[in-house]
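Since the structure comes first, as structure tokens, the remarks are kept for the end.
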Amino acid sequence: MVKDLPLDSLASTASSFASVHGILVERRQTDLVKEKERQQSYYECAPISLLPNAFPRTAFEQAVQVAPLFNILVDRLSENSSFLESTLAQVAEADPFTNELLQLYKKIYTDSEDNVANPWAKQADRLGLLRSDYMLQNNSIKQVELNTIASSFGALSTRVAALHRYLTTTTSTNKAVTDFLTQNKRDVLSEEEATLDLTTDGVPENFALEKLAFALHLAAQNYHSKYNNNNENNNNKKKPIILFVVQPGETNTVDQRLLEFQITQAHGWRVIRQSLTELATKAVVNPDNGALYLKHHDDGNGNHDDDDDDMTEEVAVIYYRAGYAPTDYFGDKEWQARSNMECSRAVKSPCLGYHLAGTKKVQQALARPGVLESILNNKNSNKETTPPEQVQQLQDVFAGLYSLGQDMVPDDYRALESILLHENESQFVLKPQREGGGYNFYGSQMADRLKAQVTLSSTSTSGDDNDNAAKITAINHQVLGEYILMERLFPPEQRAILLRGGQVEGSGPSVSELGCFGTILCQADGTVLHNEYAGFLMRTKFSHVDEGGVAAGYATLSSPYLV
């Protein structure tokens, strides 16, 4: 079937469309110029699936419906310090990165006998640009993870959806293309007689770029309205700016720049990009009012002229596209920069509470019976209650999630035993508290990692097979406590042709993962100013590849072809 497709023509069109519409990633190469090394950038077509991937319409609509509910859940979690602290306590003992985030959160946001919360951070609005990722299981969605920081590819996915709509529209009379799409529909729906309906089947509109930019605009606008009329700003006529915190050496710059340009062109806000290292010397909080400023110049000794307004920029919103991995913090000064910014009145996307709410351990804890409802309908909170049917909607998308910490319950032990005693390692994934792709453990690698921290023994030599079976007698929770076990999902396979650098990489059986963006803006008291579904992302990889992640080099950008 693939051999019948006009691959050269389709790939050429896709590559041209990508170049014209900015479906690109930045690459760098080092050249020798006059015996000196010089690094130069160039751009190439982002990794994409040549044609969209079949996806059940009902499952897509399910993901859209729960997006605002997950937004609310993240905000409720961010304010529930006792839950975050108790849930992440053992993870923090094993993982220095989570510990650093948790300690900052406690220092800045919680009051205790020996600590006073930062007043400016506590009064700041909270902005979430979130993405919940799903895989298909029996034509329904199951959540892989919930991303609360640096949720990427919203802009590029908007353009990829436009590419796939263009290709499927212009080839609608090409039998080879329609046969390809029809077979994928049959494979995904498990319906051998299914046919393509060109009046209803297709790629939906994707407004992720516009909606993400609008949420950032709304946060900046609300900040400006709140503080613009105060006497402190009467002498500063400049509008505040939106700060993008980025990684040095970032290659996914086009996705970020498209969002930046949309913010400026559609809403009039200036955007400044800075790394955590740069912000260690440039970001300053006014102790009198909590305002965050960027200083453009100093005297070479780190001293700034505070009286020169032209050398300062007030920050309304901090948008993190970095800070989610230990490698973003080269030393104490990057952590100090994160702390300084968190202690300001600027809107953070995310604040530390949102960041911690997206950890794998929190995801696992929420799947415990009764926990989700207790968070959404906290008796000690004055927030609006969540109806039982909406709580159930969220619970329905949870996959099997299991603890390896001291809070293990019988179901967790059974999952671990299934791997170590019954060789069912193919049914699980071992996940650390990391974002970005490439950190998970699968199969024998996972089993070996677990066996190294678990003691097994036989309890009898009586000849009874059950008594002779090995049993778990000890678990090193100090090491395994930073991980969770997750049920491995096996979505239906379908054919795909994947492109890298504008060239066909290959074709074969593939699996896909749907991401749904959600945006939420809340005031300090929990009042919700904005909450909506905000577009989609689809990633496709060959089915023999375990890991995911486009930036990590495992997957490609695609679009759902709703059937």
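The values are calculated or read from the model by the stated rules, or taken from the named source; none is laboratory data. Everything quoted here is computed from the prediction, not taken from an experiment. Ideal geometry is used to build each Cβ from the backbone, glycine not excepted, and the neighbour counts take in all protein chains shown. For the accessible areas, the whole protein counts, side chains as well, though only heavy atoms, and no ligand, DNA or RNA atoms are used. Shrake-Rupley method; radii C 1.70, N 1.55, O 1.52, S 1.80 Å.
Out of Ile23, Ala367, Leu394, whose Cα points farthest toward the positive end of the dipole of the chain (charges: +1 Lys, Arg; -1 Asp, Glu; placed on Cβ)? So the residue we want is Ile23. For the set Trp120, Trp335, the ranking by accessible area, highest first and with no ligand, DNA or RNA atoms included, is Trp120, Trp335 under a 1.4 Å probe.
Entry comment: accessible area of segment 356-441 is 46 Å² per residue, from protein heavy atoms only and a probe of 1.4 Å. Amide H contacts of Gly438 (H built 1.01 Å from N, in plane; Pro and chain starts excluded): Gly548 sit under 5 Å, all sequence-distant by 5 or more or on other chains.
Each residue, Arg414 and Arg270, gets one label point 7 Å from its Cα in the Cβ direction; the gap between the two is 6.1 nm. Put simply, the amide H of Leu401, placed in the peptide plane, has neighbours under 5 Å in Glu487, leaving out anything fewer than 5 places away on its chain. Dipole orientation for segment 338-488: of the candidates Met341, Thr473, Met486, Met341 has the Cα lying most toward the positive pole (charges on Cβ; Lys, Arg +1; Asp, Glu -1). Here r is the Cβ-Cβ distance between Asp4 and Asp525 and R0 is 56 Å; the resulting FRET efficiency, rounded to 0.05, is 0.40.
Using a 1.4 angstrom probe on heavy atoms only, work out the carbon and sulfur share of the accessible area of the chain in %. Could the numbers behind the result be given before it?
Details: 10770 of 24190 Å².
Its accessible area is 45 percent carbon and sulfur atoms.
Out of every Cα-Cα pair that segment 104-191 contains, those further apart than 19 angstrom amount to 69 percent. A cut-off under 15 angstrom between Cβ atoms defines the neighbours of Ala14, and their net charge, with Lys, Arg +1 and Asp, Glu -1, is 0. Computed from the C-beta positions of Glu44 and Arg449 and an R0 of 41 Å, the FRET efficiency is 0.70 to the nearest 0.05. The listed residues Met446, Met408, Met1, once ranked by accessible area (1.4 Å probe) with the largest placed first, stand as Met1, Met408, Met446.
Between Thr169 and Phe398, what is 0.36 nm times their sequence separation minus the Cα-Cα distance? Round to one decimal in nm. Please report the intermediate quantities before stating the final value.
Details: separation 229, 0.36 × 229 = 82.44 nm, distance 3.55 nm.
Result: 78.9 nm gained on full extension.
In Å, the Kirkwood hydrodynamic radius of segment 8-91 over pairs of distinct alpha carbons? Answer for segment 8-91: a Kirkwood hydrodynamic radius of 18.4 Å. If the limit is 25 Å between Cα atoms, which of Lys238/Lys295; Lys142/Lys185; Lys226/Lys379 go over it? Exceeds cut-off: Lys226/Lys379.
Counting Lys and Arg as +1 and Asp and Glu as -1, each charge on the Cβ, what is the dipole of segment 1-123 about the Cα centre in debye, to the nearest 20? List each step's numbers first, then the result.
Values: 11 positive and 17 negative charges, 100 e Å.
Using Cβ point charges on Lys, Arg, Asp and Glu, segment 1-123 gives about 480 debye.
Dipole size of segment 418-547 about its Cα centre, with +1 on Lys/Arg Cβ and -1 on Asp/Glu Cβ: approximately 360 debye, rounded to the nearest 20. Measuring only protein heavy atoms, the 1.4 Å probe finds Arg273 accessible over about 50 Å².
Straightening the chain between Glu93 and Arg500 buys 142.4 nm, computed as 0.36 nm per residue apart minus the Cα-Cα spacing.
Taking all protein chains together and a 1.4 Å probe, the residues Phe517, Phe261 rank Phe261, Phe517 from largest to smallest accessible area. FRET efficiency for the Lys238 to Gln65 pair, using the beta carbon distance and R₀ = 41 Å, is estimated at 0.50. Annotation: lysines with alpha-carbon distance below 25 angstrom to Lys471 (same-chain offsets under eight excluded): Lys431, Lys451.
Only protein heavy atoms count here; on that basis, with a 1.4 Å probe, Lys333 has an accessible area of about 110 Å². Which stretch or stretches of segment 420-438 have amide N atoms under 20 Å from the point lying 7 Å from Lys471's Cα along the Cα→Cβ direction? 420-423, by backbone N distance to the label point. What the phi angles of segment 498-513 give under the Karplus curve with 6.51, -1.76 and 1.60, with θ = phi - 60°, is a coupling list of 9, 10, 10, x, x, 10, 5, 7, x, 9, x, x, 9, 10, 10, 10 Hz, glycine and proline written as x. Between Val479 and Gln103, the distance separating the two model label sites (each 7 Å from Cα on the Cα→Cβ line) works out to 2.4 nm.
Under DSSP H, which helices of the chain have Cα atoms covering 27 Å or more of the helix axis and a Kyte-Doolittle average no less than 0.0? Display every interim value, and only then the final one.
On the way: long enough: 57-79 (35 Å, 0.28); 208-227 (29 Å, -0.06).
Counting only whole DSSP H runs, the qualifying helices are 57-79.
Backbone amide hydrogens, once placed in the peptide plane, bring Ala555 within less than 5 Å of Gly549, Val550, excluding anything fewer than 5 places away on its chain. Positive end of the dipole of the chain (Cβ unit charges, origin at the Cα centre): among Val504, Leu167, Gly437, the Cα lying farthest that way belongs to Leu167.
Listed options for Cα extents along the principal axes in Å are (i) 79, 74, 54; (ii) 77, 68, 61; (iii) 111, 65, 54. The value calculated from this structure is the one marked (ii). Here the simple spin-label model places points 7 Å from the Cα toward Cβ, and for Phe261 and Arg57 these points are separated by 3.4 nm. Dividing the summed helix terms, -39500 (n - 2.57) for each DSSP H run of n ≥ 4, by the number of residues in the chain produces a 222 nm estimate of -11500 deg cm²/dmol to the nearest 500.
Note on Glu314: accessible area is roughly 10 Å² with a 1.4 Å probe, heavy atoms of protein only.
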